[in-house]
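One structure below.
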Amino acid sequence: MSILVNSETRVLCQGITGSAGGFHTRGCKEYGTKMVGGVTPGKGGQTAEGLPVFDTVEEAVQETGADATMIFVPPPFAADAILEALDAGIRIIAAITEGVPVLDMVRVYEKVRASDAVLIGPNCPGLITPGECKIGIMPGYIHQPGKVGVMSRSGTLTYEAVWQTSSLKLGQSTCVGLGGDPIVGTNYIDLFKLYENDPQTEAILMIGEIGGSAEEEAAAYVKEHVSKPVAAFIAGRTAPPGKRMGHAGAIISGGKGTATEKVAALEDAGIVVAPTPADMGAAVKEAIDRQG
Amino acid sequence: MKIHEFQAKQLFREAGVPVLEGVVARTAAEAKQAFEKLGQPLAVVKAQIHAGGRGKGHIADNPEQRGVVLVRSADEAEAAAAALLGKTLITIQTGPEGQTVNQVFVEQGCDIARELYMGIVLDRAAARPVLMVSTEGGVEIEKVAEETPELILKEHFDPAVGIEAFQVRKLCKKLGISGPAARSAGKFMAALCRFYVEKDCAMAEINPVVIDSEGRMLALDAKITFDDNALFRNKELLELRDLNEEDPAEVRAADSGLSYVKLDGNIACLVNGAGLAMSTMDIIKYHGGEPANFLDVGGGANTEQVTEAFRILLADPNCKAVLVNIFGGIARCTTIATALIEASKTVGFNVPLVVRLEGTEVEEGRQMLADSDVDVITAVDLTDAAKKVVAAIA
């Protein structure tokens, strides 16, 4: 078992004829993901990366039976691409695109949440069930099938965590990059629910950062509803207020969203918080050991 | 992207958000003329910088001089402008270094019956914009939020629809606004919400909003931040950007597609990915050092971008050492190694350089550095890197 995606998942790439879309479609195929086609309006009938290209997602779904998609279309068209995938009945939508206007996401978010589909991102590395299905841009080889569910607002920091859990021979069940934007389709709580019910996942690592209150809300949820060991790390303890730290969502505004507040909320919920990014793997181990 | 108050008010006027008459002045003589042009018994001369708190702020070498001055004659307007223009204004939001005043806004006065606070921000948890109004106008809203949050009234709205009429009625009722003032307030709020959506604002804040003696609601201040990701569809706004208000190194970095924020420490860092870049700062601090910056070279960084990144880091006079932390995913370790070798030739490293590479093409990258003449302190992991860079300047 795992969450969201596995070896049966059939994946499309929206924006497959662009350089990033093509490059990462190749990477996912090489990893063993069942890539079944691509979508670029106006380029239907062509092939790209050895896969059929369709004009619309609807056609692509009819022809290939795809149930997941990764989106690489440029920011001005990303919201539309997400809505098209949703309309076509795609179950798992991973929006990799960085730079989507936040008001576009307000519109998309409402529609996604009213449906049964799951949107990961935007501005995220995607998701991966090691050894089975990689949808996105993460380097596949650092992963190892195993027992830790990893979720994060940051890309490379996730790689760091994956690397550490692989080195400790814990491995990962499914890793999900939530995305670094103020509004993303899936939050920690959505995934806590899935990880809690997934037999393969024995421990959960959440990697957060400054800005917003998603970590605090997740901490409150964990306290009440999660029985599995949980570890966490929060990036940005040294970030100054009022400055955007790379991610559109990583900003301390009006004194809110600081790392200190988040760490306190997590610790209060009994979560093991890694003091530095070098200790994320160790924190997971400690969380497991604490539960015996 | 932020803009000045006078620019925001021009946009407000076009959008039907009522503001007072005002004229921007770049010299004291212009300020004098502005007062005459307004033709009112009194006016307010306001320093134009991107930071808030100007009314309580002061000029660097003149602690009595505030950033907002009430004047009653053209000569007073001229004197006030002379005391502000070209000077450094320090406010609660500028930090101790302050910000140079390059222009002032001369605005007519008004007969204030009530002062309120009004703002629109994105409520991330609700995934919707929220209109906030408070009776506590003119004071620091952060303080109100902290101490008496019940005094801030909130109404979320759907951007496609705007604020609904009943929501305005609810707010007016709670604020005790009725009659002609309620009608004026309704138009004001609807126009402000529409403006927020049309221009893709990230934040619109008016402190204070006032109701004058004739029952008109007016924006006496205007602080706007736009969503940078949406500027592609609001291109006319780009003309309002004032580079004087931004850190030159941050502007230079952004031009090269790098995400850079200057900090006060002396250990520069170059990292791929925002989360890892923040964590690298954190771990430097954890081991007793002070980070000089945040720098994310991004996922698809090429040699030129990384070389430019090194130039920016080394141009900081506070920089005593550099820590490179790369977890190659899309970005390859070989790209970073090539850029490092290139930078050592064209820029020259005169400070200790600690490098930690991991991920895609790591062996090749390490070998390239080992084979080069660059004087590199290599680190095996993040902790090792942080300890070594702190030790290097001890």
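Quick notes on this structure:
- Taken over the range B:198-211, the criterion of being within 15 Å of B:Arg13 (Cα to Cα) and surrounded by 24 or more Cβ atoms within 10 Å (Cβ to Cβ) is satisfied by B:Ala204, B:Ile206, B:Val209.
- The numbered conditions (1) farther than 30 Å from A:Glu217 by Cβ; (2) of a type in the set (S, T, N, Q); (3) in contact with a Gly (Cβ under 9 Å, 6 or more places away or on another chain) are all true for B:Asn62 except (3).
- The number of residues in the range B:224-236 that are surrounded by fewer than 19 Cβ atoms within 10 Å (Cβ to Cβ) and either away from every other protein chain (no Cβ under 14 Å) or of a type outside the set (Val, Ile, Thr) (or both) comes to 7.
- The helices (runs of 4 or more DSSP H) found wholly in the range B:165-280 and carrying at least 2 residues that are more than 23 Å from the chain's Cα centre (by Cα) occupy B:165-175, B:180-198.
- Counting only residues that are facing chain A (nearest Cβ under 10 Å), under 23 Å from B:Asp381 (Cα atoms), of a type in the set (A, V, I, L, M) and touching an Asp or Glu at 6+ places or on another chain (Cβ under 7 Å), the range B:243-281 holds 5 of them.
- Across the range B:85-103, the number of residues qualifying as crowded, with 19+ Cβ neighbours inside 10 Å, among the aliphatic types (A, V, I, L, M) and touching a Gly at 6+ places or on another chain (Cβ under 9 Å) comes to 3.
- Residue list for the range B:127-153, filter: more than 20 Å from B:Asp221 (Cβ to Cβ), within 14 Å of chain A (Cβ to nearest Cβ) and either of a type in the set (Ser, Thr, Tyr) or in a strand (DSSP E or B) (or both): B:Arg128
- Residue match in the range B:35-52 (condition: at pLDDT 95 or above, in contact with a helix residue (DSSP H, G or I) (Cβ under 7 Å, 6 or more places away or on another chain) and in a helix (DSSP H, G or I)): yes
- Qualifying residue in the range A:43-62 (condition: over 22 Å from the mean Cα position of the chain (by Cα) and within 30 Å of A:Phe192 (Cβ to Cβ)): yes
- Qualifying residue in the range A:220-236 (condition: crowded, with 21+ Cβ neighbours inside 10 Å, assigned to a helix (DSSP H, G or I), more than 8 Å from every other protein chain (Cβ to nearest Cβ) and under 20 Å from the mean Cα position of the chain (by Cα)): yes
- Counting the residues of the range A:111-136 that are closer than 20 Å to B:Gly300 by Cα and out of contact with any Phe, Trp or Tyr (no Cβ under 9 Å at 6 or more places or on another chain) gives 8.
- When residues of the range A:153-182 are limited to those that are modelled with pLDDT of 95 or more and closer than 21 Å to A:Ile93 by Cβ, the one farthest from the other protein chains (Cβ to nearest Cβ): A:Ser173
- Listed conditions (1) without any contact (Cβ under 8 Å) to a residue 40 or more places away in the chain; (2) under 26 Å from A:Ala259 (Cβ atoms) are all met by A:Pro145, apart from (2).
- Residue satisfying condition, being within 13 Å of the chain's Cα centre (by Cα) and more than 12 Å from chain B (Cβ to nearest Cβ), within set A:Ile82, A:Ile135, A:Ile90, A:Ile96: A:Ile135
- 3 or more residues at pLDDT below 90, surrounded by fewer than 22 Cβ atoms within 10 Å (Cβ to Cβ) and under 34 Å from the mean Cα position of the chain (by Cα): qualifying helices (runs of 4 or more DSSP H) within the range B:312-394: B:333-346
- Among the residues making up the range A:270-290, those that are in a loop (DSSP other than H, G, I, E, B) and either away from every other protein chain (no Cβ under 14 Å) or surrounded by fewer than 18 Cβ atoms within 10 Å (Cβ to Cβ) (or both) are A:Gly270, A:Ile271, A:Pro275.
- When the criteria are applied in full, B:Pro291 fails the requirement of being more than 21 Å from B:Ala386 (Cα to Cα) and either free of Cβ contacts under 8 Å to residues at least 40 places away in the same chain or of a type in the set (Phe, Trp, Tyr) (or both).
- Candidate set: the range B:167-197, residues that are loosely packed, with under 14 Cβ neighbours inside 10 Å and touching a strand residue (DSSP E or B) at 6+ places or on another chain (Cβ under 8 Å); chosen: the one nearest to B:Asp228 (Cα to Cα): B:Lys170
- Test: residue in the range B:106-126 that is without any contact (Cβ under 8 Å) to a residue 24 or more places away in the chain and assigned to a loop (DSSP other than H, G, I, E, B): yes
- Selection count, the range A:237-259, where residues are among the basic types (Lys, Arg), more than 7 Å from chain B (Cβ to nearest Cβ) and in contact with a strand residue (DSSP E or B) (Cβ under 6 Å, 6 or more places away or on another chain): 0
The values are calculated or read from the model by the stated rules, or taken from the named source; none is laboratory data. Just so you know, these numbers come straight off a predicted model, no measurement behind them. For neighbour counting, all protein chains shown are included, and Cβ atoms are generated from backbone atoms with ideal geometry for every residue, glycine included.
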